[in-house]
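For reference, the structure discussed in these notes is given below.
The values are calculated or read from the model by the stated rules, or taken from the named source; none is laboratory data. These numbers were taken from a predicted model, which means no experiment stands behind them. Note that each Cβ is placed from the backbone with ideal geometry, even for glycine, and that neighbours are counted across all protein chains shown. Please note that ligands, DNA and RNA were not included when accessible areas were found on the heavy atoms of the full protein model with its side chains. Shrake-Rupley method; radii C 1.70, N 1.55, O 1.52, S 1.80 Å.
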Amino acid sequence: MFPVIAEFGPITIYSFGVRMAAGFYFGSMGSVKEYERRGGDGESLWSLLVWVFLIGLASSRVLSIFNNPQAFLEAPVSELLAGSG
């Protein structure tokens, strides 16, 4: 597996991020199709799933900080903007 797919100046595209985005998209697409099949409104479910995804990313960052508070206290900005979580 290649950890870095491409670099465009300061922007780096990692394989983990691509896999995570693809998993979110295809999983959400399947959920929305099933929800619509059962008579629900797919657009509202997409909105909910996007919020769930964003809150999941933010809470993983918070959990990462709680797991290693010393690193956060030493360099708070770099810990908040780190690529892990």
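Remarks
- Here ALA21 meets the list (1) at pLDDT below 85; (2) part of a helix (DSSP H, G or I); (3) open to solvent by less than 60 Å² (accessible area, probe 1.4 Å) almost entirely, failing just condition (1).
- Every residue from region 13-51 that is in contact with a helix residue (DSSP H, G or I) (Cβ under 9 Å, 6 or more places away or on another chain) and among the β-branched types (Val, Ile, Thr): VAL32, VAL50
- Take the conditions (1) touching a Phe, Trp or Tyr at 6+ places or on another chain (Cβ under 9 Å); (2) of a type outside the set (Lys, Arg); (3) in a loop (DSSP other than H, G, I, E, B); GLY39 misses just one of them, which is (1).
- Looking only at region 53-72, and only at residues there that are of a type in the set (A, V, I, L, M, F, W, C) and in contact with an Asp or Glu (Cβ under 9 Å, 6 or more places away or on another chain), the one that is most open to solvent (accessible area, probe 1.4 Å): PHE72
- Unmet criterion (only one of (1) at pLDDT below 85; (2) surrounded by 12 or more Cβ atoms within 10 Å (Cβ to Cβ)) for VAL77: (2)
- On the stretch given as region 4-18, residues that are assigned to a helix (DSSP H, G or I) and open to solvent by 50 Å² or more (accessible area, probe 1.4 Å) total 2.
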